[in-house]
Ligand code: G3I
């Protein structure tokens, strides 16, 4: 028996590396391993080949194409051409689709931010926006998953400040917190089968922001507002992964919601060194192991898989190399960190 176990254990690194990230994630009991993407990148043939490889990615999130500025640039005028390109690719490949996002303070058209709408008008604008975009993508799901679980929507994105107070954007300033329930209820009516999420960053470990999110979810549930999941973005820094991940993930699922790691990347101060890459591998592994250890952590999405298209260098001066594939679309040690993170569960299952 011991010999058989040793044989399988020795084979695992090879088998897992061949298998691809989505395959390894699913073998560990997760729903998917996915990536964010943008349709402009589809002209890059080597990129598209990896993106469309369902052994690597079983789920796609549009990084920008379903945001408010892309979908309702003028009031009541909806454009879905960019998001539809990603939905079509996901459907063709048999990949799950995550909607991102309905309500966010960023990438908002000026007609929303500068409209000076009164509360009833802005509330109806939020309702119309959420219900229209969620309805548009209703049922956009590939057949193999149809009996399994439908796609998810980041209905509310980044509604909290790091100190746990609510973000004072146009929605909060006009409607207080009522826009959150309005958006979630509209999304539920538009697609009753979609999993509805609140998605945020800096909620990976314990702290005032994750506590505020726990309280928000409790209060929504008490008011019978539909809420199915918490999206943990996980834009992390090499060597600085919080030590409280596991306890915090469990604190979220104890609320009776599922969780997903929705935007994982782990950036470093450039230049890249072998030591930083080794630490990055360890950090990816830690995040994956944590999701793996929590039954209701349903999947992990990286915020694009290659440094070629990462958002990090444009947002953080002197930082980058945050993804599991490098800018030449070659796998980095981080890739193996992800495989190893899922492997722990595989070993447990043997
Ligand atoms: O569309 C314009 C284009 O017309 C213009 O020529 C170009 C010039 O810079 O800018 C284009 O807009 C950019 C947009 O991405 C689309 O490419 C914006 O400048 C740029 O700021 C924007 O960045 C996006 C960022 O959200 C905005 O905050 C990133 O691509 C996107 O990856 C990032 O995603 C967010 C998640 O939605 C929420 N969580 C954090 C995450 C990272 O910031």
Counted neighbours (other Cβ, 10 Å), sorted fewest up, put 276, 122 in the order 276, 122
Checking a compactness column here: for the stretch 162-317, what do you get for Rg(Cα) / (2.2 N^0.38 Å), N being the number of residues?
1.12
Nearest 500 deg cm²/dmol is fine: what mean residue ellipticity at 222 nm does the chain get from its DSSP H runs of n ≥ 4 alone, each adding -39,500 (n - 2.57), divided by its residue count?
-13500 deg cm²/dmol
Taking only C-alpha pairs under 8 Å that are 6+ residues apart, what is the relative contact order of the stretch 20-345 in percent?
16 percent
Mind giving me the FRET efficiency for residue 119 and residue 293? R0 is 51 Å, r the Cβ-Cβ distance, nearest 0.05 is fine.
0.70
Using a Förster distance of 41 angstrom, determine the FRET efficiency expected from the C-beta separation of residue 27 and residue 165, and round it to 0.05.
0.50
Based on the inverse mean of 1/r over its pairs of different Cα atoms, what is the Kirkwood hydrodynamic radius of the stretch 20-345, in Å?
19.8 Å
How do 224, 55, 136, 151 line up, fewest other C-beta atoms within 10 Å first?
224, 55, 136, 151
Would you list 268, 66 from fewest to most Cβ contacts within 10 Å?
268, 66
Helix 119-136 sits at what angle to the longest principal axis of the chain, using alpha carbons and giving 0 to 90 degrees rounded to 10?
40 degrees
Quick check: Cα centre of the stretch 98-120 to Cα centre of the stretch 281-350, how many Å?
31 Å
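Every number here is computed from the coordinates shown, using simple stated rules; none is lab data. No experiment lies behind these values; they were computed from the predicted model shown. All Cβ positions, glycine included, derive from the backbone under ideal geometry; neighbour counts span all protein chains shown.
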